[in-house]
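Asks: Pasting a structure here, questions to come.
The values are calculated or read from the model by the stated rules, or taken from the named source; none is laboratory data. Bear in mind that the values here come from a model prediction, so they are computed numbers and not experimental data. Positions of Cβ are generated from backbone atoms using ideal geometry, with glycine treated the same way; all protein chains shown enter the neighbour counts.
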Amino acid sequence: MFYKYNLYYYNIRSNYKIHTLNEDFIKSSFAKEINLCCKIDSINGIIPSITYSDSDFFVQFPNIIQFKHIKSNNTIDCTTKNRQYLDEYITNAPFALLIAHDSGVLLHGATIIVDNKAYVFLAPCGGGKSTLLLSLLKEPNVWYYSDDAVALVLENNDMVLYKGSTKIKSKSDVLQTYGISTRPLKQTSELRDKFYIEYKERVYPEEKCKLEKVFYLNRDVAGKQLRISRMDGLQAMPILLKGAVGYQNICQNDDVRQKIVRNIRKFCPYMNVYRMVIPNNLSIFNKHFIDTIIDC
């Protein structure tokens with residue numbers, strides 16, 4: 001028995017259920033199909049490595065998981081100690097490389113849809129992406145798109161996003177703020193204070209959406225006002241590189257980094273990028289906040 005998934009603009013088949021992805025059966029035909037073969041096995045703890053040539057690659061996280069992609073048969077082989085590791089790593093390592101090869105970039109950010117347009121919020125781990133997402137989803141005109149990562153590609157001079165996982169990964173204290181019990185939730189293995197939430201209300205039904213704006217979040221603990229400033233052209237390069245999955249962590253390979261840089265440089269003329277300084281106050285995430293990001 002195989003489970004079928006749609007992640008970014010790729011098809012995946014897995015020989016067991018991946019809990020962090022949609023279970024929607026793939027009905028349409030895409031350009032590529034990736035067969036995901038999982039083996040429950042041990043991994044020797046060696047130095048992290050990546051071997052990358054064209055779209056063939058091998059990525060290893062020591063003692064955790066390894067991915068091997070072979071272009072000739074469009075297969076990703078995964079070897080891992082624990083199935084939970086596959087749930088957590090499938091949405092970044094292999095797809096950061098594949099999407100970069102296809103002239104795109106995988107962004108580490110939360111995404112909402114308003115009026116069929118996508119707004120992406122980039123931030124490092126713990127920067128407030130999931131908190132912002134949970135707050136804004138209370139508003140009736142906001143649709144859920146992605147919590148952790150989205151694939152960004154250029155199609156006919158339009159910046160287009162392909163959504164990833166339907167799970168929201170949030171800290172226990174944030175969940176308590178919203179009255180959500182962590183008792184029935186699945187805990188992540190990489191970050192012990194985070195849990196997965198299955199979000200089913202107002203999930204944007206389309207696989208892709210036009211990108212409207214990108215915001216890079218900075219917290220101002222002492223501040224009380226929301227501040228947004230526009231960045232033009234190549235000024236946004238450092239911000240986008242910080243938000244690109246694989247640029248600083250998993251892709252320790254000069255060819256991969258250069259490819260991501262080239263792709264982002266190509267995107268810059270088409271993107272609206274902003275730096276956003278947010279006060280440490282959940283009450284700002286409301287209808288006025290949404291109006292502000294739309295109008296800025």
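Asks: For the stretch 154-186, what are the residues that are aliphatic (A, V, I, L, M) and farther than 19 Å from residue 205 by Cα? If you could, list the steps in order and put the result at the bottom.
Replies: Residues of the stretch 154-186 that are aliphatic (A, V, I, L, M), as a first pass: 154, 159-161, 168, 174-175, 180, 185.
Within the stretch 154-186, 154, 174, 175, 180, 185 qualify.
Asks: Regarding residue 181, is this residue at pLDDT 80 or above, over 20 Å from the mean Cα position of the chain (by Cα) and within 22 Å of residue 114 (Cβ to Cβ)? Explain how you work it out, then say what you get.
Replies: Numbers: at pLDDT 80 or above: yes; over 20 Å from the mean Cα position of the chain (by Cα): yes; within 22 Å of residue 114 (Cβ to Cβ): no.
No: the conditions fail for residue 181.
Asks: Of the conditions (1) without any contact (Cβ under 8 Å) to a residue 40 or more places away in the chain; (2) farther than 16 Å from residue 87 by Cβ; (3) touching a strand residue (DSSP E or B) at 6+ places or on another chain (Cβ under 8 Å); (4) exposed (fewer than 14 other Cβ atoms within 10 Å of the Cβ), residue 182 clears all except one; give me its number.
Replies: (4)
Asks: Here's something else I'd like to know. Tell me which residues, restricted to the stretch 226-250, are polar (S, T, N, Q) and part of a helix (DSSP H, G or I). Break it down into steps so the answer makes sense when it comes.
Replies: Narrowing the stretch 226-250 to residues polar (S, T, N, Q): 229, 235, 248-249.
Matches in the stretch 226-250: 235 only.
Asks: If you don't mind, another one. Residue 52: on the phi < 0 side of the Ramachandran plot and modelled with pLDDT under 75, yes or no?
Replies: Values: on the phi < 0 side of the Ramachandran plot: yes; modelled with pLDDT under 75: yes.
Yes, satisfied.
Asks: Spot the failing condition for residue 230; the list is (1) modelled with pLDDT of 90 or more; (2) of a type outside the set (Gly, Ala, Ser); (3) under 19 Å from residue 110 (Cβ atoms), and only one is missed.
Replies: Unmet condition: (3).
Asks: Another question, if that's okay. Taking only the stretch 142-170 into account, find how many residues are in a strand (DSSP E or B) and more than 22 Å from residue 22 (Cα to Cα).
Replies: Start the filter on the stretch 142-170 by keeping residues that are in a strand (DSSP E or B), which leaves 143-146, 149-155, 158-162, 167-170.
Next cut, more than 22 Å from residue 22 (Cα to Cα) only: 154-155, 158-159.
Counting residues in the stretch 142-170 that are in a strand (DSSP E or B) and more than 22 Å from residue 22 (Cα to Cα) gives 4.
Asks: Same structure again: Output the residue which, of all residues in the stretch 120-136 that are outside any helix (DSSP H, G or I) and at pLDDT 90 or above, is surrounded by the fewest Cβ atoms within 10 Å (Cβ to Cβ).
Replies: Once the filter is applied, the top-ranked residue is 122.
Asks: Turning to a different aspect of this structure: Which numbered condition trips up residue 255, out of (1) part of a helix (DSSP H, G or I); (2) touching a helix residue (DSSP H, G or I) at 6+ places or on another chain (Cβ under 9 Å); (3) surrounded by fewer than 20 Cβ atoms within 10 Å (Cβ to Cβ); (4) at pLDDT below 85?
Replies: The one condition residue 255 does not meet is (2).
Asks: Name the residue that is surrounded by the most Cβ atoms within 10 Å (Cβ to Cβ), counting only residues in the stretch 259-289 that are in a helix (DSSP H, G or I) and of a type in the set (D, E, K, R).
Replies: Applying the filter and picking the extreme gives 259.
Asks: Let me ask something additional. Within the stretch 225-278, which residues are of a type in the set (Phe, Trp, Tyr) and more than 18 Å from the chain's Cα centre (by Cα)? Show your work before the answer.
Replies: If we filter the stretch 225-278 for residues that are of a type in the set (Phe, Trp, Tyr), which is where we start, we get 247, 267, 270, 274.
Passing the criteria: 270, 274.
Asks: Okay, next question. Could you check, for the stretch 185-204, whether at least one of its residues is modelled with pLDDT of 90 or more, in a loop (DSSP other than H, G, I, E, B), in contact with a helix residue (DSSP H, G or I) (Cβ under 6 Å, 6 or more places away or on another chain) and not polar (S, T, N, Q)?
Replies: Checked against the condition, which is being modelled with pLDDT of 90 or more, in a loop (DSSP other than H, G, I, E, B), in contact with a helix residue (DSSP H, G or I) (Cβ under 6 Å, 6 or more places away or on another chain) and not polar (S, T, N, Q), the stretch 185-204 yields no hits at all.
Asks: Out of the residues in the stretch 65-79 meeting the condition of being among the charged types (D, E, K, R) and in a strand (DSSP E or B), tell me which one is surrounded by the fewest Cβ atoms within 10 Å (Cβ to Cβ). Reasoning before the result, please.
Replies: Taking the stretch 65-79 as the starting set, the residues that turn out to be among the charged types (D, E, K, R) are 68, 71, 77.
With in a strand (DSSP E or B) added as a condition, the list becomes 68, 77.
Numbers: 68: 17, 77: 15.
Of everything passing the filter in the stretch 65-79, 77 is surrounded by the fewest Cβ atoms within 10 Å (Cβ to Cβ).
Asks: The conditions are (1) closer than 17 Å to residue 122 by Cα; (2) touching a Leu at 6+ places or on another chain (Cβ under 9 Å); (3) basic (Lys, Arg), and residue 219 fails exactly one of them. Which is it?
Replies: Every condition holds for residue 219 apart from (2).
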